[in-house]
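FYI, it's all coordinate maths here, none of it is from the lab. It should be emphasised that the depicted structure is a prediction, and the values quoted were computed from it without experimental measurement. Don't worry about glycine lacking a Cβ; one is built from the backbone with ideal geometry, like all the others, and counts go over all protein chains shown.
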Amino acid sequence: MSALYGLLWQEYILFKRKFWSTTIGAMVSPTLFLIAFGWGLGNGMQVEGRSYMEFVIPGIIAMNTMLVSFSNSSNSIHIARIYYKTFEEYMVAPINMLVFTLGKVMAGAFYGVYSAILILILTSVFTGVHDVTPYFFVITLLNCFVFSAGGFLAGLLIKSHGDMAKFSNFIITPMSFLCGTFFSIEKMPKVLQCLIQILPLTHASLGLRSAGEEAAGMVLHIGVLVGYFVVLFIAAARYCKTAE
Amino acid sequence: MLSLINLTKKYDSLTAVNGINLDIEDGEFFGLLGPNGAGKTTTVRMISTMTPITSGDIIINHESMDRNRAAVKNKIGVVPQHNNLENEMTAWENLEVHGIIYNMPKALRRKRIDEMLDFTELTGRKNDLVGKYSGGMKRKLMIARALLHEPEILLLDEPTVGLDASARRKMWDLLKNLKNDGLTVLLTTHYIEEAEVLCDRVGLINGGTLAELDSPQNLIKKVGKFTVENFTNGETKEEFFETRGEAVAYAAKLEGSINIRSSNLEDVFLKLTNRRVES
């Protein structure tokens with residue numbers, strides 16, 4: 001556990017040092033989405049029996065926590081591997097790569113949770129305080145862990161900075177827009193709905209909007225996210241052991 | 001003692017290290033000397049567990065890397081060729097993280113950090129971000145970090161590459177202190193003078209194999225203590241002689257530009273492999 005503490009302490013120092021740039025950076029994108037889709041495009045619209053702003057805020061939280069967790073985790077590991085070579089310090093240290101993976105995934109997830117808190121603060125200024133239930137918090141946390149583990153794996157797999165764009169272009173960006181973040185997935189063609197239903201961000205978006213949903217559906221969202229996390233985390237830890 | 005047993009590394013069809021056998025005694029300062037691409041860094045990366053071994057084994061003080069990787073990792077300190085410090089953290093913070101990861105008790109960790117900062121003369125700059133350090137200071141801090149957990153063997157991969165002449169001399173002084181303290185050190189370098197000044201024994205590595213292995217003095221004796229360089233017809237030819245008299249007598253018969261000098265490890269390498277080290 002000493003190694004895990006060391007990793008997290010290091011991440012804390014780096015977070016403290018980059019506090020303002022991290023904080024402001026995490027607020028830019030959701031602010032723009034809130035202005036464009038919330039107040040601009042969706043002003044006066046009703047979706048699924050609620051105002052568009054109420055609908056879109058959980059979607060923006062799901063999307064932004066995904067983006068922040070994924071990018072922090074993937075950038076952290078691929079920069080450490082390819083550019084600054086700080087990854088080598090851990091490769092030669094007597095540290096279990098499972099612990100290393102856990103530490104890095106936790107750090108990436110933390111940034112995601114931090115961005116969710118910022119969005120909630122931001123939206124509360126304009127639309128009143130959002131109701132954060134324990135279920136809402138669990139879904140947010142799971143979403144952050146899923147995409148932090150995914151980002152970590154992506155950061156290990158890529159051979160150059162350019163490769164990271166492939167993950168963004170073919171996985172992250174399509175999910176950002178298709179997984180019920182800005183509009184209901186029921187508007188999508190049936191064939192596409194089947195595909196969208198198996199994606200983790202869909203379950204994060206639906207989970208964050210699940211007030212009043214049946215218990216089975218709520219459990220399903222948690223189950224899908226836990227499943228994705230377990231698979232991605234094991235893959236990342238296994239690959240980390242063989243990374244050179 | 002560090003033993004390399006038939007150590008081999010292959011990348012597809014390329015054999016980077018080809019069956020190296022080597023014993024480095026406790027307290028020995030050993031140098032692997034060779035040109036870029038000879039297999040020095042790959043050898044160090046295998047010893048430091050960063051690169052998987054294709055075949056063979058590494059034994060450090062009776063612990064086989066093949067059987068007990070974690071134990072081997074605790075016994076070595078590694079200073080890689082490039083800076084791999086966290087630039088957004090201070091020197092003290094870099095050392096603190098290293099100490100925590102190596103599971104050092106807090107009191108011992110703090111004591112060793114102070115000692116290592118003192119040893120590398122970085123105490124006055126310990127709270128500065130590493131990103132603001134000069135190349136020489138970063139290299140010193142990497143040595144401090146590698147020594148923090150009191151390893152039995154220190155691996156130094158080209159520790160002075162990229163440093164100016166003054167910083168290189170200072171680094172040599174630091175490394176001489178390690179030698180005087182009796183630490184076992186494996187150094188890779190392509191600087192002839194560095195190997196001659198620091199190393200008890202030198203292994204000349206070329207094309208992934210050890211071409212020769214002995215003390216710098218004995219290696220030079222093997223080719224001849226004096227070298228006659230003769231620049232004629234657009235190329236330099238070297239001949240080696242046991243005594244200055246023989247060298248002078250030979251030089252008297254030559255045409256073109258002539259230089260008689262003491263032989264060095266570059267000459268040994270050239271004679272054995274027809275390649276230059278510092279090419």
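Things worth noting here:
- Spherically averaged projected area in nm², based on the convex hull that wraps the Cα atoms of segment B:198-251: 5.2 nm²
- Dividing the convex hull volume of the alpha carbon atoms of segment B:186-279 by its residue count gives 95 Å³ per residue.
- GluC sites (Glu not before Pro) lying in DSSP loop within segment B:95-197, provided at most 13 other Cβ fall within 10 Å: B:E121
- Whole-number D in µm² s⁻¹ for segment B:134-252, Kirkwood Cα-pair radius fed into Stokes-Einstein, 20 °C, 1.002 mPa s: 127 µm²/s
- Within chain B, antiparallel bridges make up roughly 65 percent of the DSSP beta bridges whose residues both belong there.
- Dividing the mean sequence gap of close Cα pairs (under 8 Å, 6+ apart) by how many residues segment A:181-244 holds gives a relative contact order of 25 percent.
- Think of each Lys and Arg Cβ as +1 and each Asp and Glu Cβ as -1; about the Cα centre, that makes the dipole of segment B:1-144 roughly 300 debye.
- Ellipticity at 222 nm from helices only: DSSP H runs of n ≥ 4 in chain A, each -39500 (n - 2.57), divided by the residue count, give -24000 deg cm²/dmol.
- Shape class of segment B:38-101 from the alpha-carbon gyration tensor: oblate, with a/c at 1.5 or above and b/c at least as large as a/b.
- For the pair segment A:73-119 and segment B:172-215, the centres of their Cα atoms are 36 angstrom apart.
- Cross-link check: pairs B:K111/B:K132; A:K16/A:K159; B:K75/B:K140; A:K241/B:K73; A:K85/B:K140; B:K126/B:K179 evaluated at a Cα-Cα cut-off of 23 Å; pairs beyond the cut-off: B:K111/B:K132; A:K16/A:K159; B:K126/B:K179.
- When B:K132, A:K85 are sorted by how many other C-beta atoms sit within 10 angstrom of their C-beta, beginning with the fewest, the order is B:K132, A:K85.
- Rounded D (µm²/s) - segment B:9-75, Kirkwood Rh over Cα pairs, Stokes-Einstein at 37 °C, 0.692 mPa s: 254 µm²/s
- Oblate is the label for segment B:18-57, because a/c, from the alpha-carbon gyration tensor with a ≥ b ≥ c as root eigenvalues, is 1.5 or above and a/b does not exceed b/c.
- Take each residue in B:61-67, count the other chain C-beta atoms within 10 Å of its C-beta, and the mean is 0.
- For chain B, the longest principal axis of the alpha carbon atoms and the long axis of helix B:165-180 meet at an angle near 70°.
- Each listed q (0.10 Å⁻¹) maps to a log10 I(q)/I(0) for the protein assembly as shown from the Debye sum over equal C-alpha point scatterers, namely -0.86.
- The long axis of helix B:135-148 is offset from the longest Cα principal axis of chain B by roughly 60 degrees.
- The relative contact order of chain B comes to 22 percent, based on Cα pairs under 8 Å that sit 6 or more residues apart.
- Under conditions of 10 °C and 1.306 mPa s, segment A:154-221 yields 118 µm² s⁻¹ as its translational diffusion coefficient, taking Rh as the Kirkwood radius over Cα pairs in the Stokes-Einstein equation.
- Interatomic Cα distance distribution for segment A:59-146, bins of 5 angstrom, percent: 3, 14, 20, 20, 14, 11, 8, 5, 4, 1, 0
- Kyte-Doolittle at least -0.5, axis length at least 15 Å by Cα - qualifying DSSP helices, chain A: A:2-17, A:19-33, A:52-78, A:97-127, A:134-157, A:215-242
- Taken residue by residue and averaged, Cβ atoms of other chains lying within 10 Å of the Cβ of B:100-107 number 5.
- For chain A, the convex hull spanned by the alpha carbon atoms encloses 133 Å³ per residue.
- Spatial separation of Cα centroids for segment B:81-101 and segment A:37-71, in angstrom: 41 Å
- Both numbers refer to the Cα atoms of chain B; Rg and Dmax are 20.8, 71 Å.
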